[in-house]
1. To make sure I understand the rule: partners must be aspartates and glutamates, Cα under 19 Å from the Cα of LYS98, and not fewer than 8 residues away in the same chain. Which ones qualify?
2. Can you list the HN-Hα couplings for segment 87-96, worked out from phi with the Karplus curve (6.51, -1.76, 1.60; θ = phi - 60°), rounded to whole Hz and with x for Gly and Pro?
3. Quick one: Karplus J couplings for segment 99-111, per residue in order, coefficients 6.51, -1.76, 1.60, θ = phi - 60°, nearest Hz, x for Gly and Pro?
4. Aspartates and glutamates near LYS88 by alpha-carbon distance under 19 Å, same-chain residues fewer than 8 away left out - which ones?
5. Under a 5 Å amide H to amide H cut-off, with H placed in plane at 1.01 Å, what residues pair with VAL90 once short-range neighbours are removed?
6. Given Cβ point charges of +1 (Lys, Arg) and -1 (Asp, Glu) and nothing else, what value in debye, to the nearest 20, does the dipole of segment 31-111 about its Cα centre take?
7. Once R0 is set to 30 Å, what does the formula 1/(1 + (r/R0)^6) return for the Cβ-Cβ distance between LYS108 and LEU29, expressed as a FRET efficiency to the nearest 0.05?
8. For segment 69-112, compute Rg over Rh where Rg is the Cα radius of gyration and Rh is the Kirkwood radius from the inverse mean 1/r over Cα pairs.
Amino acid sequence: MIKALKEPSGAHNLGGHQAGAIDKKEKPLTLSEKRVDALVFCLTKGDRKLFTMDEHRYAIERLPPEILESASYYEKWLNGVCVLLIEKGVLDAASIEKEVERLKSTEKRATE
């Protein structure tokens, strides 16, 4: 699922590349986006801070190009959190993948 590259790929650095028009309209956050935002806030603030925003940004920059190119803003944030949780030994990749699969199957059953 989530593997950070040892060295930044540079895929995050798009300066000077043609990327099309930017939609500058404010959009309300979805529930899942709000949850990711809250998760990052909780993990970067207070006495129990697990990582800094700089560490989080660096984790996002090290995501594989295929994730950087296809994931939404908050999907990148969540992938960055997963990278840091693995790197800091809080969770392992297998437990994250197992939970993702459980949530997907729960979601699938809810929509049937």
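1. GLU75, GLU87, GLU107
2. Computed from phi, the couplings for segment 87-96 are 4, 8, x, 6, 9, 10, 4, 5, 5, 5 Hz.
3. 5, 4, 5, 4, 5, 4, 5, 5, 5, 4, 5, 5, 8
4. Here the aspartates and glutamates satisfying the reach criterion relative to LYS88 are GLU7, ASP47, ASP54, GLU55, GLU61, GLU97, GLU99.
5. Those lying under 5 Å, H to H, from VAL90: there are none.
6. Values: 14 positive and 15 negative charges, 73 e Å.
Dipole size: approximately 340 debye.
7. Numbers: r = 24 Å, r/R0 = 0.80.
Plugging the Cβ-Cβ distance into 1/(1 + (r/R0)^6) gives 0.80.
8. Working: Rg = 12.5 Å, Rh = 11.7 Å.
When Rh is taken as the Kirkwood radius, the ratio is 1.06.
Each reported figure results from applying straightforward, stated rules to the coordinates on display, with no laboratory input. Quantities reported herein were computed from a predicted structural model and do not represent experimental measurements. Glycine also receives a Cβ, built like all others from the backbone with ideal geometry; neighbour counts cover every protein chain displayed.
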